[in-house]
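**Student:** Dumping the structure here so I can ask a few things about it.
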Amino acid sequence: MKVIDFLISLLYPRKCPFCRRGIDENKLVCPACEKKLPFITDRPLRRFAYVDECYSALEYCGAVRDSVHRFKFQGAAAYAEIYGTFLAKCIDENGIFCDIITWVPLSRARLRKGGKNAHVPRF
């Protein structure tokens with residue numbers, strides 16, 4: 001381990017994105033949350049106009065919902081690795097071939113309140 005990595009891990013220890021307890025550096029989530037995460041097994045999740053299938057790795061409820069809110073609205077950017085890993089696992093396990101992977105945009109009401117769809121490219 002590099003000295004800088006060691007210092008960063010001391011100042012900013014890795015935490016579970018769902019319960020916020022400390023975890024080992026090589027873990028994505030704590031063992032307790034790993035056992036009780038609401039993984040979605042029914043495929044596809046939903047259908048929309050102009051979208052054939054919509055998938056999600058986890059149900060959007062409880063600790064998952066709180067975690068996503070911290071990620072989207074409170075700048076918990078470190079969660080991106082965890083969510084990306086879960087999404088990649090979902091894609092791999094279900095043999096999904098897709099044209100696009102995207103986020104769920106803000107509702108119009110939240111956008112009017114000053115929210116941002118920060119991931120939307122601006123040209």
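The values are calculated or read from the model by the stated rules, or taken from the named source; none is laboratory data. What you see is a predicted model, and the numbers here were worked out from it, not measured in a lab. Virtual Cβ from ideal backbone geometry, glycine too; neighbours counted across all protein chains shown. Ligands, DNA and RNA are stripped out before the accessible areas are found, and what is left, the full protein with its side chains, is counted by its heavy atoms. Shrake-Rupley method; radii C 1.70, N 1.55, O 1.52, S 1.80 Å.
**Student:** Would you tally the net charge around residue 30, using a Cβ to Cβ cut-off of less than 14 Å, leaving residue 30 out, and scoring K and R as +1, D and E as -1? All intermediate terms of the calculation are to be shown ahead of the outcome.
**Tutor:** Values: positive: 14, 15, 20, 21, 27, 35, 36; negative: 24, 25, 34.
Net charge around residue 30: +4.
**Student:** Related question: With θ taken as phi - 60° and the coefficients 6.51, -1.76 and 1.60, list the Karplus ³J(HN,Hα) couplings across region 55-72 in order, rounded to whole Hz; mark glycine and proline as x.
**Tutor:** 10, 9, 7, 10, 5, 8, 7, x, 5, 5, 4, 4, 5, 5, 5, 5, 5, 6
**Student:** Beyond 31 Å between alpha-carbons counts as too far, so tell me which of 89/113; 35/113; 27/113; 36/72; 2/36 fall in that bin.
**Tutor:** Those over the limit are 89/113; 35/113; 27/113; 2/36.
**Student:** If amide hydrogens are placed 1.01 Å from N in the peptide plane, which non-local residues have theirs closer than 5 Å to the one on residue 58?
**Tutor:** 40
**Student:** Also, quick follow-up: Just to verify a number: what accessible area does residue 36 come out at with the full protein assembly present, 1.4 Å probe, Å² rounded to tens?
**Tutor:** 140 Å²
**Student:** Given the C-alpha centroids of region 15-30 and region 37-97, what is the distance between them in whole angstrom?
**Tutor:** The two parts, judged by their Cα centres, are 18 Å apart.
**Student:** Something else: Of the heavy-atom accessible surface of region 3-103 (probe 1.4 angstrom), what whole percent is carbon and sulfur?
**Tutor:** 56 percent
**Student:** In region 1-101, what chymotrypsin sites (Phe, Trp or Tyr not before Pro) fall in a loop by DSSP, with at most 16 other Cβ atoms inside 10 Å?
**Tutor:** 50, 55, 60, 97
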